[in-house]
Amino acid sequence: MVDRRKPKQMTDLNLELQESGWEELRKEARKIEGDLDVKLSSYAKLGSRFTHGGYADTGSPTVGSSRSWTSMEMEIQSLLEKLLDTNDAMSRCAASASPTTSVTQKLTRHRDILHEFAQEFRRIKGNINSMKEHAELLSSARDDISEYKASGSMSPRMHLLRERAAIHGSIAHVRLKCSYFCHLIL
């Protein structure tokens, strides 16, 4: 079958296909951006529970909460990658047509949104990791205090012997490391 359309009609058809592809990609990008916004909000709330009457008061986070953080981090990371892929596809679509100023501005805005979401994710993740480390340190200190209180029935002599053993262990460890490094140098 011979295509009897004029070249202008073919160009119009290609333009329509590119515009519909662009709009589909923009629609997908907006959906992913909305999903990311919700996920990041939930992730931040999960992190804020850590300090507001949550895990920081009771010790370290539970295994279930750790799984939910990990799961949510993976979901957010996946959405960020999808948005990056969609933005790249939008760039290719815009490059294949002669991009107008509004298309270029929209593409730039989608890239800015991706950048903002990625920054927010890193910030929240860093805060949560800091809070986890803080809670683990507090938990460790509480455990040490509890252990010290429980060993209160030990005589002062036993405390000194225990401390002496710890010091000797540290000295032996230092000597071992020094001899190791001396052998590396020689």
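Nothing in this text is a laboratory measurement; each read-out follows from the coordinates by a stated rule. Predicted model only: the values in this text are computed from it and were never measured. All Cβ positions, glycine included, derive from the backbone under ideal geometry; neighbour counts span all protein chains shown.
Report the gain in length on full extension from L84 to I171: 0.36 nm times residue separation, minus Cα-Cα distance, nm rounded to one decimal.
Working: separation 87, 0.36 × 87 = 31.32 nm, distance 5.32 nm.
Additional length available on full extension: 26.0 nm.
At 7 Å along Cα-to-Cβ for each site, give me the label-to-label distance between H159 and S130 in nm.
3.6
May I ask for the distance between the Cα centers of segment 77-102 and segment 129-178, given as a whole number of Å?
56
A 18 angstrom limit on the alpha carbon distance is what I want to check against. Which of K39/K106; K39/K132; K45/K132 exceed it? Numbers along the way, then the final one.
Numbers: K39/K106 23 Å; K39/K132 20 Å; K45/K132 15 Å.
Long pairs (Cα-Cα over 18 Å): K39/K106; K39/K132.
Using label points projected 7 Å from each Cα along Cα→Cβ, tell me how many nm separate R30 and Y148, to one decimal.
Spacing of the two 7 Å Cα→Cβ label points: 6.1 nm.
Using only the Cα atoms of segment 82-186, build the gyration tensor, take square roots of its eigenvalues as a ≥ b ≥ c, and label the shape rounded, prolate or oblate: rounded if a/c is under 1.5, else prolate if a/b is larger than b/c, else oblate.
Numbers: a/c = 8.24, a/b = 2.54, b/c = 3.24.
Since a/c reaches 1.5 but b/c is at least a/b, the shape of segment 82-186 is classed as oblate.
What is the calculated FRET efficiency for A141 to C182, with r their C-beta to C-beta distance and R₀ = 35 Å, to the nearest 0.05? Write down the numbers at each step before the final one.
Working: r = 36 Å, r/R0 = 1.03.
Approximately 0.45, to the nearest 0.05.
Where does each of K31, K132 land when they are ranked from fewest to most other beta-carbon atoms within 10 angstrom? Please list the in-between numbers first.
Values: K31 13, K132 19.
So the ranking, lowest neighbour count to highest, is K31, K132.
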